[in-house]
1. Separation between the residue 334 and residue 2 pseudo-spin-labels, each 7 Å from Cα along Cα→Cβ, expressed in nm?
2. Roughly what angle does helix 21-36 make with the longest principal axis of the chain, taking Cα atoms, 0 to 90 degrees, to the nearest 10?
3. Can you compute the modelled spin-label distance between residue 231 and residue 38, with each label point 7 Å from Cα toward Cβ, in nm?
4. For 224, 128, which order do you get if you count the other beta carbons within 10 Å of each Cβ and list the fewest first?
5. Which of the three applies to the range 155-243, rounded, prolate or oblate, going by the alpha-carbon gyration tensor with a ≥ b ≥ c and a/c under 1.5 meaning rounded?
6. Nearest 10 degrees, 0 to 90: what angle lies between the long axis of helix 322-349 and the longest principal axis of the chain (Cα atoms)?
7. Residue 188 to residue 310: extension gain in nm, 0.36 nm per residue of separation minus the Cα-Cα distance?
8. Provide the gained length on full extension for the span residue 62 to residue 216, in nm with one decimal, where the gain is 0.36 nm per separating residue minus the Cα-Cα distance.
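What follows is calculated from the coordinates using simple rules that are stated; it is not laboratory data. Bear in mind the structure is a predicted one, so any value in this text is a computation, not a measurement. So basically every Cβ, Gly included, is an ideal-geometry build from the backbone, and we count neighbours across all protein chains shown.
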């Protein structure tokens, strides 16, 4: 198989692939076997029909077409690998020289035009310095933590006054569309200012006393009428304000292990300090990415950016909003360039992840979605999404690994020991255990088989693994370990 690559744009190429008979023959033999198992020919057992009989019955051209359709992705990927190209989008494939069925040893040629990941030359990370905020803990920071703790022990007191922001109200709601009642609820407790029920509800409630009624228009947030504008009638049946316990020694003994509020405040000061330090790490990560994006000259593939922006516009319902299109294109350009940059860090730092890390990452992700970890992982596996979770995991690891190499200083010029804040490097601590090999990074396979003269499926530009199979027992063991750790943490508290 001979291949050539022509660069059309910095992020767009055309591959020309000449598939000789020796490369085509295995696919042709496989096609003959598949067809032999599908057709019935008198005098021959199913699956044992000779190739010459298949040629007579359905034609050799059909066999070649199936062979090319079945093998196209493999030849396409081999050409990508040969030229070290990472596709970012779906390739447009054209067969420029057909396989001649009348020739004993036919060959064919196809081209694939595709957007690819640009080459990104990273600088010496050890020479980069970023600046973050100081990790100063103020009295206001401690007060905020103390107030948050007091709120956990707050009580609700019914008040005879108009509702204010931060009050709890017991409300009755009714939604009408075209004078028809669509939905209604009674006796629902709601925190004014939370904004987690209906758009405009907070504004409607503020200033209302118990028993008063008002109406407002709002898009419905769920049900068969989701998104439709309804006339909402709301009546607060009761208005309650939170009463916080006094921050004294009695409260310290009630809410903590300390005897005095002074000791409690000292502990909260340490907690606030840790949060400030963690914030420094996050800020350093953002500053590093921003620095690299600003100083490195590379282009995001136009087609990928456009598709991402169009998807964002569709989700926002702003397909016809020209101003939003410009804004979303800018956002998509930055998002795509950021992902390309982090993928370059993955390659540069040779970041990998093992099965245990992937399982832990997916368990944590499932918790963010409020799903059972086993069901979440099973659904991801069935949908073929495990490689994408692996890609996200190694991106996260690469960002952290890069932080260990740069210099971080606060605005006072003091060096921030990021490595100490991050803790030991798990990849440097010990080699992978037996049977827990790191999964290699590789471009993803096209999602489906492409027919000749059709578009080849896109491959994920991120470093992913071709096949991920998670051991069920390992998943359950990791889940149990997570639960045990959480229980231990609650016990200590």
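1. In this crude spin-label approximation the distance works out to 4.8 nm.
2. That helix lies at roughly 80 degrees to the long axis.
3. So the label points at residue 231 and residue 38 sit 6.2 nm apart.
4. Ranking 224, 128 by Cβ neighbours within 10 Å, fewest first, gives 224, 128.
5. Cα axes put the range 155-243 in the prolate bin.
6. With both axes taken from Cα atoms, the answer is about 70 degrees.
7. Numbers: separation 122, 0.36 × 122 = 43.92 nm, distance 3.88 nm.
Fully extending the segment from residue 188 to residue 310 adds 40.0 nm.
8. Full extension of this stretch gives 48.9 nm more.
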